Structure formats: structure tokens, C-alpha cells
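Note sheet for the following structure.
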There are 2 protein chains.
Amino acid sequence: MTFAQRLVERITRVRTPLVVGLDPRWKSLPDSLRDGTDLASQAIAYQRFCCEIIDVVAPLVPAVKPQVAFFEQLGWQGMKALGGVIDHARSKGLLAIVDAKRGDIGSTAEGYASAWLGADSPWRGDALTVSPYLGDDALEPFAKVCHETDSGLFVLVKTSNPGSGALQDRRAEGRPICHHVAEWVEKLAQRDSDATGYGSIGAVVGATYPEQLAELRTLMPHIMFLVPGFGSQGGTAADVAPAFDERGLGAIVNSSRAIIFAHQRPEFAELDWQRAVESATREAIEQLATVAKIG
Amino acid sequence: MTFAQRLVERITRVRTPLVVGLDPRWKSLPDSLRDGTDLASQAIAYQRFCCEIIDVVAPLVPAVKPQVAFFEQLGWQGMKALGGVIDHARSKGLLAIVDAKRGDIGSTAEGYASAWLGADSPWRGDALTVSPYLGDDALEPFAKVCHETDSGLFVLVKTSNPGSGALQDRRAEGRPICHHVAEWVEKLAQRDSDATGYGSIGAVVGATYPEQLAELRTLMPHIMFLVPGFGSQGGTAADVAPAFDERGLGAIVNSSRAIIFAHQRPEFAELDWQRAVESATREAIEQLATVAKIG
């Protein structure tokens, strides 16, 4: 099955487009997990934290999105923990979308693609986020590996940060740079869209710029969107509504901190941290159910 | 000492701006190092290969540039090997410029910055390459850590690949996107340039577009350039000449494959592989000596 087929199958089964972002941060971890502060102990704590979250959310959501930066902070021990987290997610039937925002040229791009998505990949994510600054030719090696291994790609098009417009909204030849990138993504994707109406190539489009999200939806009709910025960053369910087609498909919406650190939220203070994660996940699913009518 | 001071001190001592790129690839490794094909054995071979190159080039060049993609291909074992390579380079007095092209927003960018350059970094590179697609605000956390730990940053401005123009040369408000990025870089750098005339913030500008390199030099007078594309990618010494100031400073020029896989070049076929690396390094140094008049 292609990445799009696996993703649509999971979304349809759990009836939500919610993705849980795995962004472990030492200071925000539940006290019970913070044993020993050397890198090896921290890495074990990160892995345990993420795997317990996976156990809680596996019946509820289609995918998780580990953020590589936080694992890299712990050196090779962190990267080893990341491998364990990806494996655990997949063993529980979740798709693992590796948020690494990689990008390079020629054979180096091939290196990153095979590292994260290749047949012999030691990490073996289901999909990877990539950055388009180096040009459309730099995306090709990633697309090629996706095609070979039925994995997916999410190209940064419009990000959720306050300064994303500094480059992405700059107008060139009458339209913003992110529209040019959208055009590359649509073109790359045309080669392998499948029966779902979507293909292996997706786009990252932030929830924090809802008007642009609607425009980009029109420009990329067959592209699965990965939408960050929902929840802690301020994006609402109404903001992400334009991302979905009439089947409630076409987008997955990520929430990280509001879910994984739910034990810090006053309304969940009386729950143990795993139940806080579950409650926050159900809350986000309910919010999204108002805009994504699945099945 | 700041990163710029350390780099200028090294360049002046060895009298060359040549940087050796460490891009290990399994199929190109000398036969004598290819023992066992599992990830752990390959990682050991990568580390041994890079460390032996470091031993050869340490008296000759100011810095090495490990390419993270190739280490990531080997999973956590590869990342452990990368740590060993960075440590070995620094122990031999070389600066280690980590070519990772990282980039993310807010606290995730802080994560990458502290992972690679922070005071508690498990890798502890001297400098890191970063991608600007997410905007100028996404560069701030990297610049902050550089300031705190006297490390350096090289922001992708104009890359050496054939398709780099697809985004970087697109004209917005009358000038190419890469000029807008150059402006951010110059502005970030103004905060901490030092007695060398250069600061912790540098720019990646490819050798393969010499006219643009000259333009970008004018736009970023106080920015250290990291110039890829020399050697195997086709850039010549004459092409990189505009990168240097009258002291022969202001740029470092990377060569990877032409040096580290010199044993595959017919003219060095009779040498053992380490001597081939040495000969190719000396050859590149001679070529650059015609355009960078140091000291």
C-alpha cells in the first residue's frame, strides 16, 4: 500500500485527522520520568515518555510526528531512542511522520532520503518533512525514494511561525514564493497520485494563516497537507477547515505541546499524566470533528 | 576566542582557505576499510576513514566539514561515529563545521542550535550550516547560541546545485531571493563582528555561480563565506576568487570527493589512499593559492 493509502485507511478507521507531535523536552517531562540527568538517562526517559504516549493514542489517531531536534539534543543516545520510538509507533499500527526538515543537493539529498525512508533505512519512517530552499531538483531524490518504498514526503510550503512570511510570502512574478513551491509540489505529486486522490507527496501548511491555507488548498488539490500550528500555537479548528475535502480527507493536523504536556494544564491536574494525554487527545479530536467530516 | 578569530587564526597559520569535506560513502571507501557490512561495522569504517583523513590534513588546512547525511544513513551508530569524528578533528586543532542544513521554528530551532553548538552539546561542532526557508525569525535562536558559545553559523544563501536558481534566483521586489537572505545574514552579523572584520555568522555561497558570488560578496562585506562546489562540482580557483578580501580572508572553500576519494583518481593510483588524500589536498591548496593571497 502507498503512503497515501495507508494514511487514508488509518484516518478513516479512527475518524480523525489528528496527529500527535512527539516533542520531548526535559523540563516538561512528568516528574516520575526524570530520573538521572546524564544523556543516556535522559534518552531512556524520552523513549519511555514517547512510547507511553504512543500506547495511549494508538487507538485514537492515525499517526505520530516525532520532532528530531529534541532527540538530536541528546546525541547518539537520543537518536537511538528516536529509532525505538519510530519502531514502537509502527508496531502499534500508527504511521510515523519524521519531522526533520531535511534538505540538501544531489547525492547528499539521496543520503538523507535513504537514511529516513530508504529500503535499508535504520529509522524507517513512513514519511519525512523536507525543506525546499535548495530548489526543485533537490526534492527529486526524496520523491524517488518515496516512490520506491511507498513512503511519503511533506515539503515545507507555508510554515506556522510569525516570521514565515519574510521569505515565503515575498512576491515574485506576481505571486508569493510559497505559491511557486506549491507548484513544484503539485507537479512532483502528479506522477504518483493513487485511488485515494492523494499521493506520496504532501505539503506543510500552517494553521496560523487560514487565508493562505485556503489559497494553497486550491493550488494543490491533490496534495495531502500536514498542518502544524493547531493548539498551542493558536490555530483553531475553524482555521484548519479549508484544508479538508468533502470526505473530511486531504489533511492531517498536528498538535504537540497541548497534548503531550497536558499534565501541566490546570484542567487535567488531577489526572495521572497518561490520562491527561488521553483527555487532551480526545478534546482535540472533538474540536476537529466539527470541521473534518470523515466517512 | 570567537569562531571568526579561531578560523582566521587557523587560515593564517596554514595559509590556505581550503576545507576538506568529510562525505563518507560506503561504495567509495578504500577496500582496506570495508570489513563487514552491518551498520555497526560500516559506522566504525566511516569513523576510521574520516579520522585517518583528519590525521593527514590537520597540518595542512584550517577545518573539516563533516556531512551529517552520510552518518545519518547508518542510524545511531553512524551518529556515534560522527561524534567521534568531530572530537578527533578538534583534538587535532581543526575546526569542525557541521554540514547539517538544519532549520526549524522557535523552540525547535533552539533545540537544533543547542544540539549542535550549545554549551552542553553532545556533538559540539565549531559551526553549523542552516537553511533560511522558515524566515529570519527562525535564524535568531541559532545566532543566539553562537553568541553564547563562540560558535559559528553558515546560512544557505546561494547553493551550488544546478536547480538552486528555482527559488534562490527568483526576483522579488526587483532582486533575487538570495539577496534578501543575504540582507538578513548581514544584519544578524552586524551584532557581533569582531577585530577580524568577520563575525560568527557566515553564508554558504556556491562556487558554481561566480558572477553571483561576486555580487553577494558586495552585499555581505563582513560575512565569512563557505564556498561549496569547488573541485568535483566544477568550480575553479578563478571562480572563487571574488570571495576573498585583499588579505586572502573572508572565505573558506570546500572540496570533498576530489580529496577524500583521491585514491580513485588515475593520477594517484600508485599511492596508498592516505597519500592520495595528501596529494589531492596539496593540489587543491596550490590551486587556491593563486587566488587567495594570505598574510
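The values are calculated or read from the model by the stated rules, or taken from the named source; none is laboratory data. In this text, all values refer to a predicted model and were calculated from it rather than measured experimentally. Because the Cβ atoms are built from the backbone with ideal geometry, glycine has one as well, and the counts that use them run over all protein chains shown. Ligands, DNA and RNA are stripped out before the accessible areas are found, and what is left, the full protein with its side chains, is counted by its heavy atoms. Shrake-Rupley method; radii C 1.70, N 1.55, O 1.52, S 1.80 Å.
Using r as the Cβ-Cβ distance of A:ARG90 and A:ARG175, and R0 as 41 Å, what FRET efficiency do you calculate, to the nearest 0.05?
Taking R0 as 41 Å, the efficiency between A:ARG90 and A:ARG175 is 0.55.
Taking each residue of A:95-105 in turn, how many C-beta atoms of other protein chains fall within 10 Å of its C-beta, and what is the average?
The mean count of partner-chain Cβ atoms within 10 Å per residue comes to 5.
Let me see the pair-distance distribution of the range A:121-160: every alpha carbon pair, 5 Å bin width, integer percents in order.
Per 5 Å bin, starting at 0, the Cα pair percentages come out as 6, 21, 32, 24, 13, 4, 0.
Could you check how much of the accessible area of the range A:167-221 is carbon and sulfur, as a whole percent, using a 1.4 Å probe?
Numbers: 1110 of 2160 Å².
Here carbon and sulfur together make up 51 percent of the probe-accessible area.
So how far apart, in nm, are the two label points at B:GLN190 and B:ASP31 if each is 7 Å from Cα heading toward Cβ?
Computed distance between label sites B:GLN190 and B:ASP31 equals 5.9 nm.
Across all directions of projection, what mean area in square nanometres is found for the Cα convex hull of the range B:192-295? Please report the intermediate quantities before stating the final value.
Values: hull surface 27.8 nm².
Mean orientational projected area (the range B:192-295, Cα hull): 6.9 nm².
How many times 2.2 N^0.38 Å is the alpha carbon radius of gyration of chain B? Intermediate values should be presented prior to the final figure.
Numbers: Rg = 18.1 Å, N = 295, 2.2 N^0.38 = 19.1 Å.
That ratio works out to 0.95.
Could you compute the FRET efficiency for A:GLU286 and A:THR12, with r as their C-beta to C-beta distance and R0 at 22 Å, rounded to 0.05? Can you show the working numbers first?
Values: r = 18 Å, r/R0 = 0.82.
Rounded to the nearest 0.05, the efficiency is 0.75.
Just flag the GluC sites (Glu not before Pro) in the range A:191-295 sitting in loop per DSSP whose Cβ has no more than 14 other Cβ atoms within 10 Å. Don't jump to the answer; show the numbers that get you there.
Values: sites: A:GLU211, A:GLU215, A:GLU246, A:GLU267, A:GLU270, A:GLU278, A:GLU283, A:GLU286; in loops: A:GLU246, A:GLU270.
Answer by residue number: A:GLU246, A:GLU270.
Report, for chain A, the % of DSSP beta bridges that are antiparallel, rounded to 5. Walk me through the numbers on the way to the answer.
On the way: 2 of 31 bridges.
Expressed as a percentage, antiparallel bridges in chain A total about 5.
Given a cut-off of 26 Å, what percent of all Cα-Cα pairs of the range A:1-148 lie beyond it? Write down the numbers at each step before the final one.
Details: 3063 of 10878 pairs.
In whole percent, the share of Cα-Cα pairs in the range A:1-148 beyond 26 Å is 28.
Given R₀ = 51 Å, what would the calculated FRET efficiency be for B:SER232 paired with A:SER41, taking r from the Cβ atoms and rounding to 0.05?
Values: r = 43 Å, r/R0 = 0.85.
The computed FRET efficiency comes out at 0.75.
For the range B:149-295, what does the relative contact order come out to in percent, with C-alpha contacts under 8 Å and a separation of six or more? Mind showing how you got there, number by number?
Values: 234 pairs, mean separation 28.8, N = 147.
Computed over the range B:149-295, the figure is 20 percent.
Per residue in the range B:63-78, which ones lose no less than 10 Å² of accessible surface when going from chain alone to all protein chains (1.4 Å probe)?
Buried by the other chains: B:GLN67, B:ALA69, B:PHE70, B:GLU72, B:GLN73, B:GLY75, B:TRP76.
Would you compute, from DSSP H runs of 4+ residues alone, the mean residue ellipticity of chain B at 222 nm, taking -39500 (n - 2.57) per run and dividing by the full residue count, rounded to the nearest 500? Don't jump to the answer; show the numbers that get you there.
Working: 12 runs with 128 residues, N = 295.
Rounded to the nearest 500, the figure is -13000 deg cm²/dmol.
Only Cα pairs within less than 10 Å get springs; with that Gaussian network setup on chain A, which residue of A:THR196, A:THR37, A:THR149 has the largest fluctuation?
A:THR37
When the accessible area of each residue in the range A:129-145 is compared between its chain alone and the complete protein assembly (1.4 Å probe; ligands, DNA and RNA ignored), which residues differ by at least 30 Å², being lower in the assembly?
Correct list: A:TYR133, A:LEU134, A:ASP137.
Between copies, how far apart are the A:LEU271 label points? List them in nm, one decimal, shortest first, with each point 7 Å from Cα toward Cβ, please?
Spacings between copies for this position, smallest first, are 6.5 nm.
Cut-off 10 angstrom, C-alpha nodes, Gaussian network model of chain B. Which of B:ALA127, B:ALA138, B:ALA166 fluctuates the most?
Checking each option, the largest mean-square fluctuation is seen for B:ALA166.
How many Å² of accessible surface get buried when B and A come together, counting both sides, probe radius 1.4 Å, rounded to the nearest 100?
4600 Å²
Measuring nothing but label to label, 7 Å from Cα along Cα→Cβ, what are B:LEU33's distances to the other copies in nm, shortest first?
Nearest first, the other copies' label points are 3.8 nm away.
Let me know the charge dipole size of the range A:20-118 about its Cα centre in debye, to the nearest 20, where only the beta-carbon of Lys, Arg (+1) and Asp, Glu (-1) is charged. Intermediate results must be reported in sequence, preceding the final value.
Values: 10 positive and 11 negative charges, 25 e Å.
With only Lys, Arg, Asp and Glu charged at Cβ, the dipole is about 120 debye.
At what distance in nm do the modelled label points of B:GLU183 and B:GLU270 sit from each other, each positioned 7 Å from its Cα along Cα→Cβ?
If labels sit at B:GLU183 and B:GLU270, their model points lie 5.8 nm apart.
Any chance you could tell me what percent of the C-alpha pair distances in the range B:98-222 go past 24 Å? Before the final figure, lay out the partial values.
Details: 1924 of 7750 pairs.
That fraction is 25 percent.
Suppose we compare each residue of the range B:5-43 in its chain alone and in the full protein complex with a 1.4 Å probe; which ones drop by at least 20 Å² of accessible area?
So the qualifying set is B:ARG25, B:LEU39.
Please compute the per residue accessible area over the range A:116-159 with all protein chains in place, 1.4 Å probe, rounded to a whole number of Å².
Numbers: 1080 Å² over 44 residues.
That works out to 25 Å² for each residue.
Enter the mean number of other protein chain beta carbons within 10 Å of the beta carbon of each residue in A:108-118, as an integer.
Values: counts 12, 3, 3, 10, 7, 2, 3, 9, 3, 0, 1.
Per residue, the number of nearby Cβ atoms from other chains is 5 on average.
Using a Gaussian network model of chain B with C-alpha springs under 10 Å, which one of B:ALA115, B:ALA96, B:ALA243 is most mobile by mean-square fluctuation?
Taking springs between Cα atoms under 10 Å, the residue moving most is B:ALA115.
Skip the ligands, DNA and RNA, and give the accessible area per residue of the range A:1-113 with a 1.4 Å probe, whole Å².
Details: 3570 Å² over 113 residues.
About 32 Å² of surface per residue is accessible.
Excluding B:PRO242 itself, what net charge comes from residues whose Cβ is under 13 Å from its Cβ, given Lys and Arg +1 and Asp and Glu -1? The partial results should precede the final answer.
Numbers: positive: B:LYS158, B:ARG217; negative: B:GLU211, B:GLU215, B:ASP239, B:ASP245, B:GLU246.
Around B:PRO242, the charge tally is -3.
Find out how many positive minus negative residues lie around B:PHE70, taking Lys and Arg as positive, Asp and Glu as negative, among other residues whose Cβ is under 9 Å from that of B:PHE70.
Values: positive: B:ARG25; negative: B:ASP23, B:GLU72.
Residues near B:PHE70 contribute -1 overall.
If the only charges are +1 at each Lys and Arg Cβ and -1 at each Asp and Glu Cβ, what is the size of the charge dipole of the protein assembly as shown around the Cα centre, to the nearest 20 debye? Write down the numbers at each step before the final one.
Details: 58 positive and 72 negative charges, 15 e Å.
That gives the protein assembly as shown a dipole magnitude of about 80 debye.
Can you give me the Kirkwood hydrodynamic radius for the protein assembly as shown, using every pair of distinct Cα atoms, in Å to one decimal? Kindly include the intermediate steps, with their values, before the conclusion.
Details: mean 1/r = 0.0414 Å⁻¹.
Here the Kirkwood hydrodynamic radius works out to 24.1 Å.
In nm to one decimal, list the spacings between the B:ASP120 label point and its equivalents in the other copies, with label points set 7 Å along Cα to Cβ, shortest first.
Distances to the matching label points in the other copies: 3.7 nm.
Over the range A:190-294, give the accessible area per residue in Å² for a 1.4 Å probe, as an integer. Can you show the working numbers first?
Details: 4320 Å² over 105 residues.
That works out to 41 Å² for each residue.
Between their Cα atoms, which of B:LYS101/B:LYS293; A:LYS92/A:LYS144; A:LYS187/B:LYS65 are more than 32 Å away from each other? Could you put the intermediate results ahead of the total?
Values: B:LYS101/B:LYS293 30 Å; A:LYS92/A:LYS144 27 Å; A:LYS187/B:LYS65 34 Å.
In this structure, A:LYS187/B:LYS65 lie more than 32 Å apart at Cα.
Taking the dipole about the Cα centre of the range A:105-151, with the C-beta of Lys and Arg at +1 and of Asp and Glu at -1, give me whichever of A:ALA143, A:PRO122, A:PRO132 is farthest to the positive side.
Going by the Cα projections, it comes out as A:PRO122.
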